[in-house]
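Here the structure comes first, spelled out in structure tokens, and everything after it is commentary.
The values are calculated or read from the model by the stated rules, or taken from the named source; none is laboratory data. The shown structure was predicted, so the numbers you read here are calculated from the model rather than taken from an experiment. Cβ placement follows ideal geometry from the backbone for every residue including glycine, while neighbour counts extend to all protein chains displayed.
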Amino acid sequence: MKDDSKSQATKRILVADDNEDIRNLISLILTTESYEVLVVDSGSELLEKISSFNPDLLLLDVMMPHMSGFEVLERVRALPDSHVNSIPIVMITAKSLDADVDRAMKLGASSYIVKPFRADALREKVTSQLSQGVLGR
């Protein structure tokens, strides 16, 4: 049987959500899976930290003040660094309308999770996205 704990320990996940309880919950779920997690409370902070943290995956709330997750998604995809602009991005939001999902996917999201979410659903989504690696951009 293959031991994935070492490969997961090296995986870094950057989470942007303006709700402290959601940030803490996501961090708890993912750190217990041996991921390295950095949580930030805004899109602008995510953009500041993305290059230095060098994440393997972004989890991004859509509804945040000052800069929506959609705007952050667009900015990440437009960054000149091909490694950074191809990181898988999972949108996490209460916005469950098909139009919102379609918009996120057209802007370059890799996947979408609707709040409230189950811990096992988040773990499965993260594992799936990390196994697929960077986007073919």
Is it true that some residue in the stretch 112-119 is more than 14 Å from Val15 (Cβ to Cβ) and under 12 Å from the mean Cα position of the chain (by Cα)? yes
Taking the stretch 14-43 only, how many residues are over 11 Å from the mean Cα position of the chain (by Cα), free of Cβ contacts under 8 Å to residues at least 40 places away in the same chain, within 17 Å of Arg123 (Cα to Cα) and outside any helix (DSSP H, G or I)? 3
Taking the stretch 101-116 as the region of interest, how many residues are surrounded by 14 or more Cβ atoms within 10 Å (Cβ to Cβ), assigned to a loop (DSSP other than H, G, I, E, B) and at pLDDT below 95? 1
Going through (1) under 16 Å from Leu58 (Cβ atoms); (2) more than 11 Å from the chain's Cα centre (by Cα) one by one, Ala99 fails only at (1)
Looking only at the stretch 83-100, filter to residues that are among the hydrophobic types (A, V, I, L, M, F, W, C), at pLDDT 90 or above and surrounded by 11 or more Cβ atoms within 10 Å (Cβ to Cβ); which one of those is farthest from Val126 (Cα to Cα)? Val84
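Please go through the stretch 55-69 and pick out each residue that is within 24 Å of Glu124 (Cβ to Cβ) and either among the aromatic types (Phe, Trp, Tyr) or surrounded by fewer than 17 Cβ atoms within 10 Å (Cβ to Cβ) (or both).
In the first step, residues of the stretch 55-69 are kept if they are within 24 Å of Glu124 (Cβ to Cβ); the result is 55-63, 69.
Met63, the sole residue that qualifies.
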Of all residues in the stretch 27-51, which are closer than 16 Å to Leu79 by Cβ, at pLDDT 95 or above and surrounded by fewer than 23 Cβ atoms within 10 Å (Cβ to Cβ)? Ser44, Glu45, Leu47, Glu48, Lys49
Given (1) in contact (Cβ under 8 Å) with a residue 24 or more places away in the chain; (2) part of a loop (DSSP other than H, G, I, E, B); (3) in contact with a strand residue (DSSP E or B) (Cβ under 6 Å, 6 or more places away or on another chain), index of the condition Leu46 fails: (2)
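Name the residues in the stretch 49-62 that are on the phi < 0 side of the Ramachandran plot and touching a residue at least 40 places away in the same chain (Cβ under 8 Å), would you? Talk me through it step by step, then tell me what you get.
Step one: list which residues in the stretch 49-62 are on the phi < 0 side of the Ramachandran plot, which gives 49-53, 55-62.
Phe53, Pro55, Asp56, Leu57, Leu58, Leu59, Leu60, Asp61, Val62 - these are the residues of the stretch 49-62 that are on the phi < 0 side of the Ramachandran plot and touching a residue at least 40 places away in the same chain (Cβ under 8 Å).
Looking at Val72, is it surrounded by 11 or more Cβ atoms within 10 Å (Cβ to Cβ) and in a strand (DSSP E or B)?
For Val72, the condition - surrounded by 11 or more Cβ atoms within 10 Å (Cβ to Cβ) and in a strand (DSSP E or B) - is not met.
Based on this model, can you work out whether Leu79 counts as touching a Pro at 6+ places or on another chain (Cβ under 9 Å) and either modelled with pLDDT under 95 or under 13 Å from Asp17 (Cβ atoms) (or both)? Let's see the steps before the verdict.
Working: touching a Pro at 6+ places or on another chain (Cβ under 9 Å): no; either modelled with pLDDT under 95 or under 13 Å from Asp17 (Cβ atoms) (or both): yes.
Taking the combined requirement at face value, the residue does not satisfy it.
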